[in-house]
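S.K.: The structure under discussion is supplied below as structure tokens; questions concerning it will follow.
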Amino acid sequence: MNLKEAKELFRKYDGSLYIMWHDDDRFDEFTKLFIPFETLEKWRREMVDEAIEKGYPLNRTLRMIRDAKNGQEAYADRFLTLMKNSSPKESDAVSLLKNLLSDSMTCGYNWLKQYVSDDEKLAEVVGKLLKNTSFGDNEELKKKLAERYEFLSK
């Protein structure tokens, strides 16, 4: 494996070394290249910029941002602005809300809350997304996520 192939593999897994390790037999080859941390972060920045520019699903973009190690504050604020200005498809909105409002203590909302510069704006944007998402016929999921949102946004 050369550096170009390593970058393609890294991009295939949206910069997640864990998922690459879990799902790809070439992970050992990748690690044997001893790619510097700074290079991996540069690739992540490129991917996040591309995701925002090309309008990737918000949940996918959030996963990319969470895997980055540097610049979390800037990424979180950019993501919050992206969330505020987007109108995701229903399935993408449900997927994002499930990620943001999961039962995990390190869920997306808690992660964002520690890095965004405006907690109130975060609560407003997530609340609006929750309110404007129908969840199809799954009223139980909507209720569960609404309760989780109320708890997290306080």
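S.K.: All other residues with a Cβ under 13 Å from the Cβ of Leu3 taken together, and with Lys, Arg as +1 and Asp, Glu as -1, what is their net charge?
M.R.: Net charge in that neighbourhood comes out at +2.
S.K.: Could you list, bin by bin from short to long, the percent of Cα-Cα pairs of the chain in 5 Å steps?
M.R.: Once binned at 5 Å, the Cα pair distances of the chain give 2, 9, 18, 19, 18, 13, 10, 6, 4, 1.
S.K.: Under 8 Å for C-alpha pairs, at least 6 residues apart: give me the relative contact order for the stretch 6-154, rounded to a whole percent.
M.R.: Value for the stretch 6-154: 19 percent.
S.K.: So what are the ³J(HN,Hα) numbers for the stretch 55-61, from phi and the Karplus equation (6.51, -1.76, 1.60; θ = phi - 60°), rounded to whole Hz, Gly and Pro as x?
M.R.: Whole-Hz 3J(HN,Hα) from phi for the stretch 55-61: x, 4, x, 4, 4, 5, 4.
S.K.: Now a separate question. Once a ≥ b ≥ c are taken as the square roots of the eigenvalues of the Cα gyration tensor of the stretch 18-57, is the result rounded (a/c under 1.5), prolate (a/b larger than b/c) or oblate (a/b not larger than b/c)?
M.R.: The shape class here is oblate.
S.K.: Something else now. Using the Cα centre as the reference, give the magnitude of the dipole from point charges on the C-beta atoms of the chain (Lys, Arg: +1; Asp, Glu: -1; all else neutral), rounded to the nearest 20 debye.
M.R.: Here the chain has a charge dipole of around 200 debye.
S.K.: Quick query: amide H of Gly71 versus all other amide H atoms, modeled in the peptide plane; which residues come in under 5 Å with a sequence gap of 5 or more or a different chain?
M.R.: none
S.K.: Convert each backbone phi in the stretch 9-25 into a coupling constant with the Karplus relation 6.51 cos²θ - 1.76 cosθ + 1.60 (shift: θ = phi - 60°), then list the ³J(HN,Hα) values in order as whole Hz, x for Gly and Pro.
M.R.: Values, residue by residue: 5, 4, 5, 4, 9, 6, x, 8, 5, 4, 5, 4, 4, 6, 10, 10, 5 Hz.
S.K.: Any idea what the dipole of the stretch 31-72 comes to, in debye rounded to 20, about its Cα centre with Lys/Arg Cβ at +1 and Asp/Glu Cβ at -1?
M.R.: 200
S.K.: Quick one: what are the phi-derived ³J(HN,Hα) couplings along the stretch 35-48, Karplus 6.51/-1.76/1.60 with θ = phi - 60°, whole Hz, x for glycine and proline?
M.R.: Here the 3J(HN,Hα) series is 5, x, 3, 4, 5, 4, 5, 4, 4, 5, 4, 4, 5, 5 Hz.
S.K.: Could you please tell me the mean projected area of the C-alpha convex hull for the stretch 82-154, averaged over all directions and given in square nanometres to one decimal?
M.R.: Mean projected area of the Cα convex hull: 4.5 nm².
S.K.: Now a separate question. All other residues with a Cβ under 13 Å from the Cβ of Lys84 taken together, and with Lys, Arg as +1 and Asp, Glu as -1, what is their net charge?
M.R.: Here the count lands on -1.
S.K.: OK, next. Sticking with the crude label model, points 7 Å out along Cα→Cβ, report the distance from Glu120 to Lys42 in nm, one decimal please.
M.R.: Taking the simple label geometry, Glu120 and Lys42 are separated by 4.1 nm.
S.K.: Moving on to the next point. Positive end of the charge dipole of the chain (Lys, Arg +1 and Asp, Glu -1 on Cβ, about the Cα centre): tell me which of Met1, Met47, Val126 has its Cα farthest that way.
M.R.: Val126
S.K.: Right, another one. Specify the angular offset, from 0 to 90 degrees and rounded to the nearest 10, of the alpha carbon long axis of helix 90-100 from the longest principal axis of the alpha carbons in the chain.
M.R.: Roughly 80 degrees, rounded to the nearest 10.
S.K.: With axes computed from alpha carbons, what is the tilt in degrees of helix 119-131 against the longest principal axis of the chain, rounded to the nearest 10 within 0 to 90?
M.R.: 70
S.K.: Let me ask something additional. Add -39500 (n - 2.57) for each DSSP H run of 4 or more in the chain, then divide by its residues: what number comes out at 222 nm, to the nearest 500 deg cm²/dmol?
M.R.: -22000 deg cm²/dmol
Just so you know, all these numbers are worked out from the coordinates, no wet-lab data involved. Just so it is clear, the model here is predicted, and its values are computed rather than measured. Please note: Cβ atoms are built from the backbone with ideal geometry, for glycine as well, and neighbour counts cover all protein chains shown.
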